[in-house]
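Below you'll find the structure, written out as structure tokens, and then a few comments.
The values are calculated or read from the model by the stated rules, or taken from the named source; none is laboratory data. Treat the numbers as computed from the prediction; the structure is a model and nothing was measured. Backbone-built Cβ (ideal geometry, glycine too); neighbour counts: all protein chains shown. Remember, those area values only see protein heavy atoms, side chains included, never the ligands or the DNA or RNA. Shrake-Rupley method; radii C 1.70, N 1.55, O 1.52, S 1.80 Å.
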Amino acid sequence: DAMVIQNPRYQVTQFGKPVTLSCSQTLNHNVMYWYQQKSSQAPKLLFHYYDKDFNNEADTPDNFQSRRPNTSFCFLDIRSPGLGDAAMYLCATSGGGFRDSVVFPYNEQFFGPGTRLTVL
Amino acid sequence: QQPVQSPQAVILREGEDAVINCSSSKALYSVHWYRQKHGEAPVFLMILLKGGEQKGHEKISASFNEKKQQSSLYLTASQLSYSGTYFCGTEPERGSTLGRLYFGRGTQLTVWP
């Protein structure tokens with residue numbers, strides 16, 4: 001089945017120790033998103049890619065970086081995790097979008113199961 | 001640009017109805033609705049595009065009034081499986097990038113037998 005896969009499902013890291021979360025998709029979607037979700041809060045968009053075009057949210061800390069080496073994979077790097085970065089990290093994909101004044105067919109976002117990050 | 005959802009929480013008996021509202025201060029192109037169960041990823045329910053349409057999914061339907069910048073999710077004859085947190089995600093009017101959604105804080109729905 002086509003799906004969005006996140007690894008690992010649970011990640012424990014130490015304060016300040018870099019960590020990388022991965023997301024892969026078999027949906028061949030051109031848009032990939034990274035969200036941070038803290039307990040009882042809405043998912044907060046960190047950044048998203050349209051193909052290789054990177055879109056950073058203005059309030060995403062510099063501590064968070066992302067890479068998308070190809071259509072299928074996207075990585076979230078947290079360079080120096082702090083206690084406040086403990087959260088669920090959700091990857092999502094979407095097909096279509098809007099580019100160069102042309103509206104493509106627009107679809108829902110498909111979420112992966114998430115990676116729960118604990119910072120000690 | 002975060003939309004406002006109301007109510008924050010709803011408790012129902014099986015078979016009862018509920019309405020969840022989502023309103024934005026910005027002109028909208030689309031509204032998404034998702035349901036998230038505890039410890040799981042959000043699951044898509046439906047999209048409503050600009051045009052005032054109403055959609056249905058089993059006994060869950062929604063409406064979108066773009067003039068009022070509001071959407072409502074209607075759950076009829078609720079089932080135990082409807083329990084979870086419902087999020088609306090709003091997409092600002094075209095001019096912004098590619099399917100970027102702003103999620104509301106969520107409405108926690110609990111259905112009791």
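Once the range B:31-54 is narrowed to residues that are in a strand (DSSP E or B) and over 25 Å from residue A:114 (Cα atoms), the residue that is nearest to the other protein chains (Cβ to nearest Cβ) is B:49.
In the range B:24-42, what residues are more than 15 Å from residue B:73 (Cα to Cα) and open to solvent by 20 Å² or more (accessible area, probe 1.4 Å)? Step through it out loud before you land on a result.
First, pick out the residues of the range B:24-42 that are more than 15 Å from residue B:73 (Cα to Cα): B:25-29, B:37-42.
Those that are more than 15 Å from residue B:73 (Cα to Cα) and open to solvent by 20 Å² or more (accessible area, probe 1.4 Å): B:25, B:26, B:27, B:29, B:37, B:38, B:39, B:40.
Filtering A:21, A:45 for residues that are modelled with pLDDT of 95 or more, open to solvent by less than 10 Å² (accessible area, probe 1.4 Å) and in a strand (DSSP E or B) leaves a single hit, A:21.
Let's see how each residue does on (1) within 9 Å of another protein chain (Cβ to nearest Cβ); (2) open to solvent by 60 Å² or more (accessible area, probe 1.4 Å); (3) at pLDDT 85 or above:
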site	(1), (2), (3)
B:16	no, yes, yes
B:22	no, no, yes
B:64	no, no, yes
B:72	no, no, yes
B:75	no, no, yes
B:80	no, yes, yes
B:83	no, no, yes
B:88	no, no, yes
B:108	yes, yes, yes
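Just checking, does the range B:90-98 include any residue being at pLDDT 85 or above and either open to solvent by 10 Å² or more (accessible area, probe 1.4 Å) or of a type in the set (Val, Ile, Thr) (or both)? Looking through the range B:90-98, at least one residue is at pLDDT 85 or above and either open to solvent by 10 Å² or more (accessible area, probe 1.4 Å) or of a type in the set (Val, Ile, Thr) (or both).
When residue A:70 is tested against (1) surrounded by fewer than 18 Cβ atoms within 10 Å (Cβ to Cβ); (2) more than 13 Å from every other protein chain (Cβ to nearest Cβ); (3) modelled with pLDDT of 95 or more, only condition (3) is not met.
Cβ-Cβ contacts under 7 Å between residues 6 or more apart (or on different chains), taken from a first residue in the range A:38-53 that is more than 18 Å from residue B:104 (Cα to Cα) to a second residue that is assigned to a strand (DSSP E or B) and among the hydroxyl-bearing types (Ser, Thr, Tyr), are listed as A:48/A:33.
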